[in-house]
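**Student:** Have a look at this one.
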Amino acid sequence: MTLKGRRILLGLTGGIAAYKSAELARALAKSGCDVRAVLTEAATRFVGTATMQALTGQTAWSDLWDPRVADNMAHIELSRDRDLIVVAPASADFIAKTAHGLADDLLSTLVLARRCPLLIAPAMNVEMWENAATQRNILALRDDGVTLAGPVAGDQACGETGMGRMLEAAAIVAEIEAFFQPKVLAGKRIVVTAGPTEEPIDPVRVITNASSGKMGFAVARAAREAGAEVTLIAGPVTQPTPPGVARVDVRTAEAMFKAVKAAVAGCDVFIAVAAVSDYRVANRAAQKIKKGAARGLRLELVENPDILAWVAKQKRAPFCVGFAAESEKLGAHAREKRARKGIPLLAANLAQEALGSDTNAITLFDDNGEHPLGRGPKIELARKLVAHMAALMARRRRAR
Ligand code: C5P
């Protein structure tokens, strides 16, 4: 939905990754974008203008002096009605030129004369990417407000392995979607907890919850996309840190509590997505426990602090959002939990539908009742949650 009607100028520079841009053009057009392709001379050695024309349904351009644009103004006209310029693949040469404001062909001239934002998906050999000059240029572009999508590490067309692979088309589409998210949390400081906690039994064994951290990481990502400054306090998970998010890794519930206490002071929103272990082991063994004890093994468990309830009780508490993973009676448990923790908003899901999966089905509970967000990818549900939360916060501000 975010991409429908967006007007994008898709620039292609020379590189083997340009074949992925044909797929990117197709995916963008399918999402309802108006895509206009501009190719450098080198890009046309990898994909033809005819291909890009067929996939976008409109003229693909590559010549600065194309007589079809009135008054030789192609370098200005072709980007004036655009919402965003996406350059994929962005070669080392294009990045260097853009960082220095050079304009010697149609694409670089359009980029220099642009009024709209620029997003680039770099693609190059690992040595070119790691070269100090490229890294300097990338930093300069970041400082200039250019958005970077990738690159990632992996096998390269040249046979080498390392950083410099262009993102796949679907991942670039996701970055463009992220770029267009409404900035409803601009200026807000947000703390998110995610993942499970691990409570040691002995040096090698733990009590934990089955939680992949995917939902919490999606929430952190969605909050960042909405313009917030996000601190993500994560239990032991293998998820990649969302771009632009500050991450603090913890293991136990007590460590998570300590990290939350340090992070929430003065923040605007606290979103507790973590599946915190309710209990920890009181009689934790210093050495690995051996099997064969005649009377079995008894673990003494003590309750962990409820982090969310503690934050919600603070004098100048941030806007608190809780998550509830239930195995049955979702509505009843969710309403009871929201009241008990004293929080304005609670997101509930059935554990069996969410655990480890990339999709979920969530219902929100607030003072106005319940709001089903439907089923979908976790990032889409996280964006809906962020939108609902921002609207609720704005309503509260107006009511004050
Ligand atoms: O009570 P229950 O664990 O089901 O509540 C779930 C909500 O409370 C989640 O938002 C979870 O992150 C939070 N929580 C917490 N600290 C705990 C237990 C749960 O912050 N010790």
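**Student:** Name the residues in the range 279-309 that are at pLDDT 95 or above and either of a type in the set (Val, Ile, Thr) or within 12 Å of the ligand (Cβ to nearest atom) (or both), would you?
**Tutor:** Scanning the range 279-309 gives 279, 280, 281, 302, 303, 304, 305, 306, 307, 308, 309.
**Student:** Evaluate the range 219-228: report whether one residue or more is within 18 Å of the chain's Cα centre (by Cα), within 12 Å of the ligand (Cβ to nearest atom), modelled with pLDDT of 95 or more and within 25 Å of residue 353 (Cβ to Cβ).
**Tutor:** Yes: the range 219-228 contains one or more residues that are within 18 Å of the chain's Cα centre (by Cα), within 12 Å of the ligand (Cβ to nearest atom), modelled with pLDDT of 95 or more and within 25 Å of residue 353 (Cβ to Cβ).
**Student:** Follow-up question, since we're still on this one. Looking at the structure I just gave you, is residue 362 free of Cβ contacts under 8 Å to residues at least 60 places away in the same chain, closer than 30 Å to residue 3 by Cβ and surrounded by 17 or more Cβ atoms within 10 Å (Cβ to Cβ)?
**Tutor:** yes
**Student:** Same structure, new question: If I filter the range 155-167 for residues that are open to solvent by less than 50 Å² (accessible area, probe 1.4 Å), among the polar types (S, T, N, Q), in contact (Cβ under 8 Å) with a residue 40 or more places away in the chain and not in a helix (DSSP H, G or I), do I get at least one hit?
**Tutor:** For the range 155-167, residues open to solvent by less than 50 Å² (accessible area, probe 1.4 Å), among the polar types (S, T, N, Q), in contact (Cβ under 8 Å) with a residue 40 or more places away in the chain and not in a helix (DSSP H, G or I): absent.
**Student:** So which of 339, 361, 334 ends up being among the small types (Gly, Ala, Ser), touching a strand residue (DSSP E or B) at 6+ places or on another chain (Cβ under 9 Å) and within 16 Å of the ligand (Cβ to nearest atom)? Break it down stepwise before answering.
**Tutor:** On the way: 339 fails: touching a strand residue (DSSP E or B) at 6+ places or on another chain (Cβ under 9 Å); 361 fails: within 16 Å of the ligand (Cβ to nearest atom).
Matching residue, one of 339, 361, 334: 334.
For (1) closer than 15 Å to residue 8 by Cβ; (2) open to solvent by less than 20 Å² (accessible area, probe 1.4 Å), each residue gets a yes or a no:
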residue	(1), (2)
63	no, no
66	no, yes
78	yes, yes
82	yes, yes
86	yes, yes
103	no, no
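**Student:** Return the residue satisfying two criteria in turn: it lies in the range 41-68 and is in contact with a Phe, Trp or Tyr (Cβ under 8 Å, 6 or more places away or on another chain) and in a loop (DSSP other than H, G, I, E, B), and of such residues it is nearest to residue 30 (Cα to Cα).
**Tutor:** So the residue we want is 47.
**Student:** Do you know which of the residues in the range 310-324 that are open to solvent by 20 Å² or more (accessible area, probe 1.4 Å) and small (Gly, Ala, Ser) is nearest to the ligand (Cβ to nearest atom)?
**Tutor:** Once the filter is applied, the top-ranked residue is 312.
**Student:** Right, another one. All but one of (1) more than 25 Å from residue 41 (Cβ to Cβ); (2) touching a residue at least 40 places away in the same chain (Cβ under 8 Å); (3) loosely packed, with under 14 Cβ neighbours inside 10 Å hold for residue 135; which doesn't?
**Tutor:** Condition not satisfied by residue 135: (2).
**Student:** In addition: For the range 347-355, does any single residue satisfy the condition of being buried (at least 19 other Cβ atoms within 10 Å of the Cβ) and within 10 Å of the ligand (Cβ to nearest atom)?
**Tutor:** Within the range 347-355, one or more residues are buried (at least 19 other Cβ atoms within 10 Å of the Cβ) and within 10 Å of the ligand (Cβ to nearest atom).
**Student:** Pairs under 9 Å by beta carbon, first residue farther than 21 Å from residue 323 by Cα in the range 202-214, partner open to solvent by 70 Å² or more (accessible area, probe 1.4 Å) and hydrophobic (A, V, I, L, M, F, W, C), six or more apart or different chains?
**Tutor:** These pairs meet every condition: 202/286; 203/286.
**Student:** Yes or no: the range 32-40 includes at least one residue that is on the phi < 0 side of the Ramachandran plot, within 23 Å of the chain's Cα centre (by Cα) and either open to solvent by less than 50 Å² (accessible area, probe 1.4 Å) or not hydrophobic (A, V, I, L, M, F, W, C) (or both).
**Tutor:** yes
**Student:** Now, a different point. Strands (runs of 3 or more DSSP E) wholly in the range 172-291 with at least 3 residues that are of a type in the set (Val, Ile, Thr) and crowded, with 20+ Cβ neighbours inside 10 Å - which ones?
**Tutor:** 189-194, 229-234
Residue-by-condition table, conditions (1) out of contact with any helix residue (DSSP H, G or I) (no Cβ under 6 Å at 6 or more places or on another chain); (2) within 13 Å of the ligand (Cβ to nearest atom); (3) over 23 Å from residue 179 (Cβ atoms):
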{"position": "230", "(1), (2), (3)": "no, no, no"}
{"position": "233", "(1), (2), (3)": "no, yes, yes"}
{"position": "246", "(1), (2), (3)": "yes, no, no"}
{"position": "249", "(1), (2), (3)": "yes, no, yes"}
{"position": "252", "(1), (2), (3)": "yes, yes, yes"}
{"position": "255", "(1), (2), (3)": "yes, yes, yes"}
{"position": "260", "(1), (2), (3)": "no, yes, yes"}
{"position": "272", "(1), (2), (3)": "no, yes, yes"}
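**Student:** Scan the range 244-276 residue by residue and report those that are touching a residue at least 60 places away in the same chain (Cβ under 8 Å) and more than 26 Å from residue 348 (Cβ to Cβ).
**Tutor:** At the first step, the residues of the range 244-276 found to be touching a residue at least 60 places away in the same chain (Cβ under 8 Å) are 256, 260, 263-264, 266-276.
Within the range 244-276, just 266 meets the criteria.
**Student:** From 145, 150, grab the single residue that is surrounded by fewer than 16 Cβ atoms within 10 Å (Cβ to Cβ), within 25 Å of the chain's Cα centre (by Cα) and on the phi > 0 side of the Ramachandran plot.
**Tutor:** 145 is the lone residue from the list that is surrounded by fewer than 16 Cβ atoms within 10 Å (Cβ to Cβ), within 25 Å of the chain's Cα centre (by Cα) and on the phi > 0 side of the Ramachandran plot.
The values are calculated or read from the model by the stated rules, or taken from the named source; none is laboratory data. Just so you know, these numbers come straight off a predicted model, no measurement behind them. For neighbour counting, all protein chains shown are included, and Cβ atoms are generated from backbone atoms with ideal geometry for every residue, glycine included. Accessible surface areas use protein heavy atoms only, side chains included; no ligands, DNA or RNA. Shrake-Rupley method; radii C 1.70, N 1.55, O 1.52, S 1.80 Å.
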